[in-house]
Structures are given as C-alpha cells and as structure tokens.
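The values are calculated or read from the model by the stated rules, or taken from the named source; none is laboratory data. Everything quoted here is computed from the prediction, not taken from an experiment. Note that each Cβ is placed from the backbone with ideal geometry, even for glycine, and that neighbours are counted across all protein chains shown. Just so you know, the surface numbers come from the protein's heavy atoms only, side chains and all, with ligands and any DNA or RNA stripped out. Shrake-Rupley method; radii C 1.70, N 1.55, O 1.52, S 1.80 Å.
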Amino acid sequence: MQRRQIIQWGAASLAAPAFMAQAQSFPNKPIKLVIAFPAGGPTDITMRSLADNASKILGQPVIVENKPGAGGTLPAQALQTVPADGYTVAQIPLGVFRLPYTTKINWDPVKDISYVLNVTGYAFGLVVPADSPLKTWTHFVAWAKANPGKLSYGSTGTMTSPHLTMELIAQQLGLELLHVPYKGSADLMQSILGGQIMAAADSTGFAPQVEAGKLRVLNTWGAERLAKFPDAPTLKELGLNLVQNSPFGIGAPKGTPDAVVKRLHDAFKQAMEQESYRTALARYDMVPMYMSTSAYKKFAQDTFTREKALVEKLGLAKPT
C-alpha cells in the first residue's frame, strides 16, 4: 500500500511541473471561442468585440466559431470532446442548464464545465410588424384568446429563454400560442419582416428594425423600461411578475488547469472593461455583467436547480 502511494505521489509530483509549465506558456497558439448563435446577431457582434479585446491581451488570436442550434447548447456540448487545455472555450447560455431535464445526455452542466467568468446578459422584448393590427399588448392578448393556437411567434430556438418566458406568460394568462423556433436573431428577424410569423420574442437585436419603423415593441422583460424604448412597458408593469435577462458567460472543458482558467479569466475580465466592448453591448441595451470564476460556478449550481422547477412547471420535462 505504501509503495503504491509513493508511486502515485511521484507521478503527481512529475505531472505538477508539466501543468505549471503549460499554464506559464499559455497561450502559445490561437484560442477558439465557440458561441451559440449565428453570425450577424447581437451575441455574435458583442462576443467578437470581446474576443478582439482578449486577443490583444493574450497575445494570440481568439477566433469566434458560430455553432447555432439545439437551443444554444451546442458549444457547451462541444466542450465535452476537446482537450482540457484552454484552447477551446465556449459561451454558456441559460439553455445549457435546462438540457438534462429535457434531453438524455451523458454529462453534467455543473460538474463537467470549468466556469471561467460571466460577461453579460440579454435585454429581451416582444415585437410585431409596424403595420400589425396588434398595436399593444392588450390587443395581442385579446387576439390570442379569441384565436387559440393561431397567434404565431418566433424565438431563437426551442427551450431558449425567449421561448420559455413566452410559454410562462401564456400559462399565466391562459393563452395558447403557436411557437416557431429559429437558429438565431438574424433568421428570426428575416422571418417576421417577411410576414411568416406574427410576433417575435428576442433579445434587442430587433432594435435597428424598430428604429427603421419596420417593427413595434409591445413589451420588454427587464426590471425597468429600456432607455432605447421608453414607451414599451415591462412585463411587471403589465401585471406579470416576470423579469428575464438571461446571464451568460464563458466556460472551458472540465479539468482545465486552474492556472489556465485564471489566465483566461483575467484576460476576458480586462477585455470586458474596455470601451469598445461596452459600446458593442450598448447597441443592444446590454451591459457588462461580471461574475468571477467562483461566483459563476455558484450561479451555475443555483440556476441548474431553478431551471428544473421552470421546466417541470411548463410540463416540458422529459419522461423519466
């Protein structure tokens, strides 16, 4: 027994300098940042700004790869099959914490990701075409009640925050809506502008279309009204006790050395603090929403528990 322990201690002592050397030289090649939504949308534009800033700090390119679909969970799934060396990191949207309750997977969103830091969260709202007869939220609700299952709305994917929030709203008000999922904001905006759907629940990537007079905002989902849309009421003002801002951050594969996680954390935190990133976020009424490595891991644990209750409340949990 003692001989086995000595061998194990010896192996560990040999491995430790290797890990330390790896961390000290990190990074010595480009880093891939996998994000959950398509090119051209709010997530893509803001995360590319963050990646550009981090590239300068780390001294290596941070290359954004778009991996949309599956409710924003594909980047987190990708972390399960790559080396734990810090050279592949991923955006972690809230949908990741719902995945085990709706889909059979062989990994744990809390235990099998090394959480680096949280960077921001979305500002959400519901829009309709500018020429829609649904001029206000009151009109929307009345039409939906008079036409069960016929009022179509799009979101950025099944089980995303916009989808689940709309389903919560529908449940609270006794509405039956027709949900149409898309891979991201760009596809969703194209569809509503083309008349394929009656409404769109999304982050405020719809702002340019609203400002161009093509869409109208019926409500927003933060704790307070958005400065960009001061006439749009919040859900709370409309009598719905809901606030949704969907924080998201960056994760690395399980087992990534602590020193590498710290290097990534420090670089991305510094990248968050630069004016170019704040300006990119402001285009979509988003703000920096920093959580440290330890705080972000605690957030992941708490969110995993909370999302289970939400999925069960909506009757969307997979059969056991």
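The rows are residues; the columns are (1) of a type in the set (A, V, I, L, M); (2) farther than 29 Å from MET289 by Cβ.
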site	(1), (2)
VAL110	yes, no
SER114	no, no
ASN118	no, no
ASP131	no, yes
THR136	no, yes
VAL141	yes, yes
ALA146	yes, yes
GLY154	no, no
GLY157	no, no
message: Testing LYS318 on (1) loosely packed, with under 13 Cβ neighbours inside 10 Å; (2) out of contact with any Ser or Thr (no Cβ under 9 Å at 6 or more places or on another chain); (3) under 18 Å from LEU164 (Cβ atoms); (4) not polar (S, T, N, Q), one condition comes back false. Which one is that?
response: (2)
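Regarding VAL89, is this residue among the hydrophobic types (A, V, I, L, M, F, W, C) and not in a helix (DSSP H, G or I)?
Numbers: among the hydrophobic types (A, V, I, L, M, F, W, C): yes; not in a helix (DSSP H, G or I): yes.
Criteria met by VAL89.
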field: Scan of region 72-105 for residues that are among the polar types (S, T, N, Q), modelled with pLDDT of 95 or more and open to solvent by 10 Å² or more (accessible area, probe 1.4 Å), ordered by number
entry: GLN77, GLN80, THR81, THR88
task: Those residues that are modelled with pLDDT of 95 or more and among the polar types (S, T, N, Q), I need them from region 191-207; list them, please.
output: SER191, GLN196
The one condition in (1) surrounded by 21 or more Cβ atoms within 10 Å (Cβ to Cβ); (2) touching a residue at least 40 places away in the same chain (Cβ under 8 Å) that LEU188 fails to fulfil: (2)
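Every residue in region 20-41 that is assigned to a loop (DSSP other than H, G, I, E, B) and buried (at least 23 other Cβ atoms within 10 Å of the Cβ), please. Spell out the reasoning first.
First pass over region 20-41, keeping only residues assigned to a loop (DSSP other than H, G, I, E, B): 26-30, 36-41.
Residues satisfying the conditions are ALA36, PHE37, GLY41.
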- prompt: Just for region 42-70: of the residues that are over 19 Å from GLN274 (Cα atoms) and in contact with a strand residue (DSSP E or B) (Cβ under 8 Å, 6 or more places away or on another chain), which one is surrounded by the fewest Cβ atoms within 10 Å (Cβ to Cβ)?
  reply: GLU65
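Identify the residue in region 243-289 that is of a type in the set (D, E, K, R) and farther than 30 Å from ALA207 by Cβ and, among all such residues, is least open to solvent (accessible area, probe 1.4 Å). Please lay out each step first, then the result.
Taking region 243-289 as the starting set, the residues that turn out to be of a type in the set (D, E, K, R) are 254, 258, 262-263, 266, 269, 273, 275, 278, 283, 285.
Going one step further and asking which of them are farther than 30 Å from ALA207 by Cβ, we end up with 254, 258, 262-263, 266.
On the way: LYS254: 125, ASP258: 131, LYS262: 120, ARG263: 81, ASP266: 63 Å².
It comes out as ASP266.
Okay, residues lined up against (1) open to solvent by 30 Å² or more (accessible area, probe 1.4 Å); (2) of a type in the set (S, T, N, Q); (3) touching a residue at least 12 places away in the same chain (Cβ under 8 Å); (4) in contact with a Gly (Cβ under 6 Å, 6 or more places away or on another chain):
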| position | (1), (2), (3), (4) |
| --- | --- |
| LYS135 | yes, no, yes, no |
| HIS139 | yes, no, no, no |
| ALA142 | yes, no, no, no |
| SER155 | no, yes, yes, no |
| THR158 | yes, yes, yes, yes |
| LEU164 | no, no, yes, no |
| GLU167 | yes, no, yes, no |
| LYS183 | yes, no, yes, yes |
| GLN196 | yes, yes, yes, no |
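What tally of residues in region 144-153 results from selecting those that are open to solvent by less than 50 Å² (accessible area, probe 1.4 Å) and either more than 20 Å from ALA207 (Cβ to Cβ) or more than 24 Å from the chain's Cα centre (by Cα) (or both)? Can you show your working first?
So in region 144-153, the residues open to solvent by less than 50 Å² (accessible area, probe 1.4 Å) come out as 144, 147, 149, 151-153.
Checking the rest, the ones that are also either more than 20 Å from ALA207 (Cβ to Cβ) or more than 24 Å from the chain's Cα centre (by Cα) (or both) come to 144, 147, 149, 151-152.
Here the count works out to 5.
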- request: For ALA170, work out the one condition from (1) under 16 Å from the mean Cα position of the chain (by Cα); (2) farther than 17 Å from GLY40 by Cβ it doesn't fulfil.
  value: (1)
message: Conditions first: (1) in a helix (DSSP H, G or I); (2) without any contact (Cβ under 8 Å) to a residue 60 or more places away in the chain; (3) out of contact with any strand residue (DSSP E or B) (no Cβ under 7 Å at 6 or more places or on another chain). GLU176 passes all but one, so which condition is the exception?
response: (1)
task: Among the residues of region 258-280, write down those that are of a type in the set (Lys, Arg), under 20 Å from PRO30 (Cα atoms) and touching a helix residue (DSSP H, G or I) at 6+ places or on another chain (Cβ under 9 Å).
output: LYS262, ARG263
